[in-house]
Amino acid sequence: MKMAEKLQQLGERVPKRQQSLPKTLQDGSRIAVIGAGPAGSMFSYFVINMAEAMGLDVAVEMFEPRHFCHRGPAGCNHCGGIVSESLVQRLATEGIMLPDDVVQRGIESYTLHMDVGDVEIATPLMEKRIAAVYRGNGPRNSEPLDTCSFDRYLLELAQQKGATVVHRLVTDVHREDDHMCVHCADQYSQNYDLVVLATGVNSRLMETLESQTQEFQRPGRTKTFICEFLLGRKVIRETFGPSMHVFLLDIPRLEFAALIPKGDYVTLCLLGDDINDELMERFFNSPEVRNCFPGGTIPAQACHCYPRINIKAARPAYGDRLVFIGDSGATRLFKDGIGAAYRTAKAAAKTVVFHGVSAENFKAHYAPLCRAINNDNQMGKVVFGFGSLVQKSRFARRGILRMTANEQNQSDRPKRMSGVLWDLFSGSAPYTDVFLRTLHPAYLGSLFWNLLAGNLPAGMIRNGHGRSEERNHVEH
Amino acid sequence: MANLGKQYQNGEVIVRQGDAGKCMFVIQNGEVEAVAERNGREFRLRKMGPNDFFGEMALFEHETRTATVRALCPTHVLTIDKKNFLGGIHEDPSLAFRIVQTMSHRIRDLTDRLAKYEEDSQQN
Ligand SMILES: Cc1cc2nc3c(=O)[nH]c(=O)nc-3n(C[C@H](O)[C@H](O)[C@H](O)COP(=O)(O)OP(=O)(O)OC[C@H]3O[C@@H](n4cnc5c(N)ncnc54)[C@H](O)[C@@H]3O)c2cc1C
């Protein structure tokens, strides 16, 4: 069966009739956006913007039970809250500026912690282009913030453009004749010309949709962990600074671990293959983690959650009058999920305004982006595979530490390893780009030399590349 | 609360006329002025504030900066680098829409000013 026909079946409860309504947006067309996280809000913003430019008057309703102004997990779309360098720049180019009260901290550098030592990698332009934000209104039991959550800010942008918010939980979406029907938990039910699913991966609705049709596969997911530590602004400034702290530790199944400073709190994010208690215990007991906190003691967790993360795209991510965006469609593996939400939201908005809402339209104009993201994720798996090898090899870690530290200490030196690590941690570049850069002969040559030099006994290496010159890092 | 971008103090030059450029800038907060220097004299071209951008020509051409831009008060400015911008345009050409729109406003403004200048010089 063709992809285009698969979602046709989604919850069909009445016999199919001759399709009569046009499959392009018209004046007065109604669009339901299910979920107003970054994907849903940005879709609503762009679709209204583009429709306006085309002289079309469409009605956009965003279904979202959350208000994003409560503290704790109930008010937040659980995430590390890093808005990547590439997304900050793209939003600024679009004219969407992240206001000061949305940005909890501007990130200037990454500090890589390994058992062989730590090294700080400064932003290439010495400028704060990565934003640490809250997705809700801060951790549970925190003081009410005088700042604004990222999701709330985007939601308000969409509202200002003219989208309306329906604070209801959607329990079912199905096709009736040639329109889509949306049902809510409180029996509210409405028909739409297009339904945009932006529910993320932590929603029961995706489960319902999967059970209704054999061909639709909701995104693959795995469990992650996030928690917040209350340390106070002063301590955070002194111990963490404007740096995101990432860990490369020999802990199986742990792909990425980061401490992200924000206001009075530090957010910890653990990503990998089904993060569980045993893995967390090993992480918290490692000296590299303990040493990051004042007195080497891990403080009590002010707030925590175990959200799931998308590790495999939904299939198919579209049908007639139906499209899945953000985490519920396709996203980047472990990195820049908000950036992928923006990209898929905008691609879907362009498709519906300039081409139409049929499965063929989505296949021609939306699916290529999802494919590009998925293909890049395959390369991401290779890159994370190398990361796992490095995690297991102290020999490799020494070489990487040495190469990075030397690059950071000498401003005129090409920053090959620093650039690779920067883009990998920040999610600023596609995995394919990162991978190709590691094949450059100069990168390989320098890595080879540093692997040798970093593992020879101290004193055997002449100046210029010697350990004595590495001031930007601490060796353990 | 925190700012993104790099901070410039009152009077500090952000880009200098004649320098090579590889990026454009978006003002996060504060105010800047763009001035053109001719024969040792400065002419103010325009003032700009939050969300305005400048230096965009460097993204499309290999020419040097056509004006000097300096901060008029403590100002945060975000750099948009060529690689990110062109990569973005390649995936999504509509990313350039706002820039094209603003450049079009600026051409219109310059045309008006030129017409007025011609008119004034003919009257004198
Ligand atoms: C541990 C962890 C850390 C992460 N860190 C980062 C990071 O630092 N930077 C980054 O860019 N990305 C990060 N991500 C990924 C990022 O969180 C997602 O990619 C991003 O939130 C996707 O946005 P979205 O709008 O698609 O979905 P979501 O943000 O999940 O939003 C979905 C929305 O839909 C609503 N919804 C759900 N079901 C229904 C329903 N039935 N009816 C109505 N509304 C509904 C929800 O309330 C929610 O508001 C992280 C993810 C995890 C798990």
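The values are calculated or read from the model by the stated rules, or taken from the named source; none is laboratory data. Bear in mind that the values here come from a model prediction, so they are computed numbers and not experimental data. Virtual Cβ from ideal backbone geometry, glycine too; neighbours counted across all protein chains shown. These area figures cover heavy atoms from the full protein model, side chains too; ligands, DNA and RNA do not enter into them. Shrake-Rupley method; radii C 1.70, N 1.55, O 1.52, S 1.80 Å.
Quick notes on this one:
- Test: A:Arg90 is within 11 Å of the ligand (Cβ to nearest atom), touching a residue at least 24 places away in the same chain (Cβ under 8 Å) and not in a loop (DSSP other than H, G, I, E, B): no
- Elements of type strands (runs of 3 or more DSSP E) in region B:1-88, at least 2 residues being on the phi < 0 side of the Ramachandran plot and more than 14 Å from every other protein chain (Cβ to nearest Cβ): B:32-38, B:41-48, B:68-71
- Taking the criterion of being open to solvent by less than 20 Å² (accessible area, probe 1.4 Å) and either modelled with pLDDT of 90 or more or within 16 Å of the ligand (Cβ to nearest atom) (or both), the residues of region A:7-36 that qualify are A:Leu10, A:Gly11, A:Leu25, A:Ser29, A:Ile31, A:Ala32, A:Val33, A:Ile34, A:Gly35, A:Ala36.
- Considering the conditions (1) modelled with pLDDT under 95; (2) open to solvent by less than 40 Å² (accessible area, probe 1.4 Å); (3) more than 16 Å from the ligand (Cβ to nearest atom), A:His174 is excluded by exactly one of them, (3).
- Checked against the criterion of being over 14 Å from A:Ala349 (Cα atoms), in a helix (DSSP H, G or I) and within 14 Å of another protein chain (Cβ to nearest Cβ), region A:76-85 contains one or more residues that satisfy it.
- A:Gly319 away from the ligand (no atom under 15 Å from the Cβ) and at positive phi: no
- Test: residue in region A:99-122 that is open to solvent by less than 30 Å² (accessible area, probe 1.4 Å), assigned to a helix (DSSP H, G or I) and among the hydrophobic types (A, V, I, L, M, F, W, C): no
- Within region A:86-116, the set of residues being more than 7 Å from every other protein chain (Cβ to nearest Cβ) and closer than 23 Å to A:Arg237 by Cβ comprises A:Pro99, A:Val102, A:Ile107, A:Glu108, A:Ser109, A:Tyr110, A:Thr111, A:Leu112, A:His113.
- Tally, over region A:332-356, of residues that are in contact with a Pro (Cβ under 9 Å, 6 or more places away or on another chain) and over 30 Å from A:Met114 (Cβ atoms): 5
- Sole residue being at pLDDT 95 or above and open to solvent by less than 10 Å² (accessible area, probe 1.4 Å), chosen from A:Ala92, A:Ala131: A:Ala92
- Test: residue in region A:344-351 that is within 14 Å of another protein chain (Cβ to nearest Cβ), hydroxyl-bearing (Ser, Thr, Tyr) and either open to solvent by 30 Å² or more (accessible area, probe 1.4 Å) or more than 22 Å from A:Ala429 (Cα to Cα) (or both): yes
- Only one of A:Gly339, A:Gly399, A:Gly419, A:Gly326 that is at negative phi, away from chain B (no Cβ under 14 Å) and touching a helix residue (DSSP H, G or I) at 6+ places or on another chain (Cβ under 9 Å): A:Gly399
- Residues that are under 19 Å from the mean Cα position of the chain (by Cα) and either of a type outside the set (Ser, Thr, Tyr) or more than 16 Å from the ligand (Cβ to nearest atom) (or both), drawn from region A:37-51: A:Gly37, A:Pro38, A:Ala39, A:Gly40, A:Met42, A:Phe43
- Single unsatisfied condition, A:Val289 versus (1) away from chain B (no Cβ under 14 Å); (2) within 12 Å of the ligand (Cβ to nearest atom): (2)
- A:Asp146 within 14 Å of another protein chain (Cβ to nearest Cβ) and either open to solvent by 30 Å² or more (accessible area, probe 1.4 Å) or within 16 Å of the ligand (Cβ to nearest atom) (or both): yes
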